[in-house]
Each structure stands twice: as structure tokens, then as C-alpha cells.
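The block underneath contains the structure these notes are about, expressed in C-alpha cells.
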């Protein structure tokens with residue numbers, strides 16, 4: 001299972017579905033684009049990219065939720 005499949009599965013998860021429902025379509029597209037752009041990275045490098053994704057940009061209102069979802073997608077995949 002890859003990170004994008006994990007993220008899409010969160011739509012049926014009791015906790016993560018609540019987090020996803022708080023996000024706008026723009027946020028969801030941002031998450032999917034980030035996963036697709038960084039999917040080849042190792043787990044450690046992907047996590048580093050997640051933690052640095054808003055260093056040089058304005059943080060969106062729900063940036064903590066975005067980073068939480070991305071980190072959890074990363075943790076859920078096998079090495």
C-alpha cells in the first residue's frame with residue numbers, strides 16, 4: 001500500500017475522516033499533490049519534507065491537520 005492509498009482510506013476512518021471533513025478541496029488537492037510529488041522518498045526523507053513544507057510559504061489555516069495526515073500516511077506504509 002502506498003501513501004496515497006492510505007490517505008484515500010482515511011475517508012472511512014473514524015478519527016481521520018473528521019480531520020478530512022475540516023479541510024477544503026484546495027487542502028485535499030495540496031495533500032494529494034504533495035504525496036505524488038514526494039512518494040519516491042524514503043520514510044525519513046518524506047517526514048523531513050512534511051516538516052519543512054511550509055517553511056518558505058505562508059501556512060494555510062489548517063496546516064497542522066495537513067501535516068498530521070501526511071505524517072500518518074507516511075507512518076502507515078511499510079519500509
When you scan segment 1-56 for helices (runs of 4 or more DSSP H) that lie fully inside it, which ones turn up with 3 or more residues that are out of contact with any strand residue (DSSP E or B) (no Cβ under 7 Å at 6 or more places or on another chain) and under 19 Å from residue 78 (Cα atoms)? 3-9, 25-38, 43-52
Is at least one residue of segment 51-65 under 12 Å from the mean Cα position of the chain (by Cα), in contact (Cβ under 8 Å) with a residue 40 or more places away in the chain and under 19 Å from residue 1 (Cβ atoms)? no
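Read-outs throughout are calculated quantities, based only on the coordinates presented, and are distinct from any laboratory measurement. Note that the coordinates shown come from a computational prediction; the quantities given were computed from them, not determined experimentally. In this analysis, Cβ positions are derived from the backbone assuming ideal geometry, glycine residues included, and neighbour counts consider all displayed protein chains.
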